[in-house]
Amino acid sequence: QVHLVESGGGLVEAGGSLRLSCVGSGRTFDRYVMGWFRQAPGKEREFVAAITQNGPSTFYADSVKGRFTISRDNAKNTVYLQMNSLKPEDTAVYYCAADPRLSQLTHNGPGLTWGQGTQVTISS
């Protein structure tokens, strides 16, 4: 099973950008669909973006389409989330997730592997 560690969160002004990174341990990273979720205070964790094992296909929540880009570098066991044109409503703890099955990940199914989360705060 892969172990995930996120980094790159912080405080930025609205309209700014951040890039999150998630490094996975082990030699099986390229077998996993990778994704990002977020959870704002008082709200449920929601899907943000996903990328398939070799990165030909990406998927986004409607709220981030055109602003966020997910990518991965399997040689570095790393998945990225480039976030542009940030809004105050993007404020949340962002979590990296992994699963071998695309539908399982995008629907936040049971058994996903999670990172510890990284805080993103957007000031207005």
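The values are calculated or read from the model by the stated rules, or taken from the named source; none is laboratory data. Because the structure is predicted, anything quoted here is derived from the model rather than measured. All Cβ positions, glycine included, derive from the backbone under ideal geometry; neighbour counts span all protein chains shown. Note: accessible area is taken over every heavy atom of the protein model, side chains too, but ligands, DNA and RNA are not part of it. Shrake-Rupley method; radii C 1.70, N 1.55, O 1.52, S 1.80 Å.
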Problem - Of all residues in the stretch 24-39 being more than 14 Å from the chain's Cα centre (by Cα) and open to solvent by less than 60 Å² (accessible area, probe 1.4 Å), the one that is nearest to S7 (Cα to Cα) - result: S25
Practice task
Consider L81 carefully, then state whether it is of a type outside the set (V, I, T), more than 18 Å from G115 (Cβ to Cβ), touching a Gly at 6+ places or on another chain (Cβ under 9 Å) and open to solvent by less than 40 Å² (accessible area, probe 1.4 Å).
Solution key: no
Practice task
Look through T52, T106, T58 and report the one residue that is within 15 Å of R31 (Cβ to Cβ) and either in contact (Cβ under 8 Å) with a residue 12 or more places away in the chain or open to solvent by 10 Å² or more (accessible area, probe 1.4 Å) (or both).
Solution key: T52
Exercise for the section: Of the numbered conditions (1) free of Cβ contacts under 8 Å to residues at least 40 places away in the same chain; (2) under 11 Å from the mean Cα position of the chain (by Cα); (3) open to solvent by 10 Å² or more (accessible area, probe 1.4 Å), T118 fails exactly one; give the number of that condition. Expected result: (1)
Exercise for the section: Could you look through the stretch 85-103, keep only residues that are of a type in the set (S, T, N, Q) and in a loop (DSSP other than H, G, I, E, B), and pick out the one that is surrounded by the most Cβ atoms within 10 Å (Cβ to Cβ)? Expected result: T91
Practice task
Can you confirm whether the stretch 61-77 contains a residue that is open to solvent by 60 Å² or more (accessible area, probe 1.4 Å) and touching a residue at least 60 places away in the same chain (Cβ under 8 Å)?
Solution key: no
Exercise for the section: Scan the stretch 22-75 for residues that are assigned to a loop (DSSP other than H, G, I, E, B), of a type in the set (A, V, I, L, M) and closer than 14 Å to T106 by Cα and report the count. Expected result: 1
Exercise for the section: Say whether the condition of being among the aromatic types (F, W, Y), under 18 Å from D99 (Cα atoms) and touching a helix residue (DSSP H, G or I) at 6+ places or on another chain (Cβ under 8 Å) is met by at least one residue in the stretch 34-50. Expected result: yes
